[in-house]
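Below is one structure, written out as structure tokens; comments come after it.
The values are calculated or read from the model by the stated rules, or taken from the named source; none is laboratory data. Here the structure is a predicted model, which is why all the values come from computation and not from measurement. Cβ sites come from the backbone with ideal geometry, for glycine too, and all protein chains shown count toward neighbours.
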Amino acid sequence: MNVPHQASAQDSIAAANRASAPVGIFDSGLGGLSVLRAVRAQLPGEALIYAADSAYAPYGLRDDDFIADRTLAIGEWLISQGAKALVVACNTATAQAISLVRERLPIPLIGVEPGIKPAALQSKTRVAGVLATQVTLRSARFQALQERYAGDCRFLCQPGHGLVEAIERCDVDSAEVRALLKSYLDPMLDAGADTLVLGCTHYPFFDRVIRDIAGDRLMLIDTSVAIARQLERVLETNGLRASAAEAATAPALPRLCSTSDGEHLRQLAYTLLGLDAPVERVHVPSRRTVAIASQTT
């Protein structure tokens with residue numbers, strides 16, 4: 001007669017354990033820190049693990065199979081660390097791998113995508129710029145976004161060659177970066193663009209420089225806040241939201257991990273987010289990286 005009660009108690013304990021587990025946030029490198037910043041603001045009571053695959057960044061220079069291979073491997077590693085949900089905080093990884101990874105992993109996934117819809121809704125001139133990686137821009141997912149939401153708005157798509165690499169080396173405002181951004185933005189402004197979609201999670205860290213170049217002529221579309229709100233909804237729907245008691249005891253700092261030495265991750269987290277946290281170097285093998293290693297030995 002006590003078995004149902006015992007099972008119910010065990011289920012409650014299991015549910016509580018899941019709710020207190022961390023949320024995993026993954027990016028090819030440091031760009032996902034912009035999403036981490038938004039998630040911490042939206043969900044301050046959640047424990048967080050941030051994983052940067054900086055040893056293999058930028059993904060925008062990789063082939064589609066490599067991107068899918070690494071995204072799945074990092075997702076599986078985050079689950080091994082106890083993650084209850086995963087935010088793929090990388091537009092390139094989302095565009096090329098989110099469907100595959102969602103099929104393979106047993107936890108809720110939230111991807112990111114360029115803000116085509118809000119840009120189309122908000123542009124007054126009906127001309128908007130998009131800065132994104134070449135892989136994102138050529139993806140079927142991005143093309144579908146345009147077909148679905150662009151309407152009569154013309155989108156000027158510019159691959160942001162060199163921008164991810166700049167963030168990865170903690171360069172957000174050098175003369176070289178300013179010149180590169182100006183070469184991308186000036187043609188958009190000349191064409192009448194009044195809105196700019198930041199189609200890579202690395203790019204919000206250029207916010208100040210972009211505003212220096214464009215003044216108030218461009219409204220910037222950064223979807224990191226929308227991602228944080230979607231994560232909140234997913235956690236609530238799946239009964240995974242940390243309770244008030246758990247929120248009170250949640251760690252003040254996220255756990256930062258990198259497949260590289262982590263020094264740039266530590267620097268950028270401190271400089272741009274005010275996080276003074278250590279970075280763990282982690283080894284996350286995958287089918288493609290094991291093959292690369294075997295070819296070089």
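From the list VAL101, VAL177, VAL135, VAL172, the lone residue that is out of contact with any Phe, Trp or Tyr (no Cβ under 8 Å at 6 or more places or on another chain), among the aliphatic types (A, V, I, L, M) and in contact (Cβ under 8 Å) with a residue 12 or more places away in the chain is VAL101. For segment 102-128, the set of residues classified as over 27 Å from ARG154 (Cα atoms) and surrounded by fewer than 22 Cβ atoms within 10 Å (Cβ to Cβ) consists of ARG102, GLU103, ARG104, LEU105, PRO106, ILE107, PRO108, LEU109, listed by residue number. If you filter segment 164-179 down to residues that are closer than 17 Å to LEU220 by Cβ and modelled with pLDDT of 95 or more, you find that the one that is nearest to the chain's Cα centre (by Cα) is VAL177. Taken together, ALA252, ALA248, ALA244 contain a single residue that is of a type in the set (A, V, I, L, M), more than 26 Å from GLU113 (Cα to Cα) and without any contact (Cβ under 8 Å) to a residue 60 or more places away in the chain, which is ALA252. Selection of segment 26-79 for residues being outside any helix (DSSP H, G or I) and hydrophobic (A, V, I, L, M, F, W, C) yields PHE26, LEU30, LEU43, ALA47, LEU48, ILE49, ALA51, ALA52, ALA57. Among the residues making up segment 123-141, those that are not in a strand (DSSP E or B) and not polar (S, T, N, Q) are LYS124, ARG126, VAL135, LEU137, ARG138, ALA140, ARG141.
Only one of the listed residues (ALA144, ALA120) is outside the structural domain of SER258 (by TED's automatic domain parsing), assigned to a helix (DSSP H, G or I), in contact with a Gly (Cβ under 7 Å, 6 or more places away or on another chain) and modelled with pLDDT of 95 or more. That residue is ALA120.
Taking segment 174-274 and the strands (runs of 3 or more DSSP E) fully enclosed by it, the elements with 3 or more residues that are touching a Leu at 6+ places or on another chain (Cβ under 8 Å) and buried (at least 20 other Cβ atoms within 10 Å of the Cβ) are at 195-198.
For PRO4, the test of being part of a helix (DSSP H, G or I), at pLDDT 95 or above, on the phi < 0 side of the Ramachandran plot and not acidic (Asp, Glu) is failed. Residues that are surrounded by fewer than 16 Cβ atoms within 10 Å (Cβ to Cβ), modelled with pLDDT under 95 and assigned to a helix (DSSP H, G or I) do occur in segment 80-100.
Scanning segment 157-206 for residues that are more than 30 Å from ASP261 (Cα to Cα) and among the aromatic types (Phe, Trp, Tyr) yields a total of 1.
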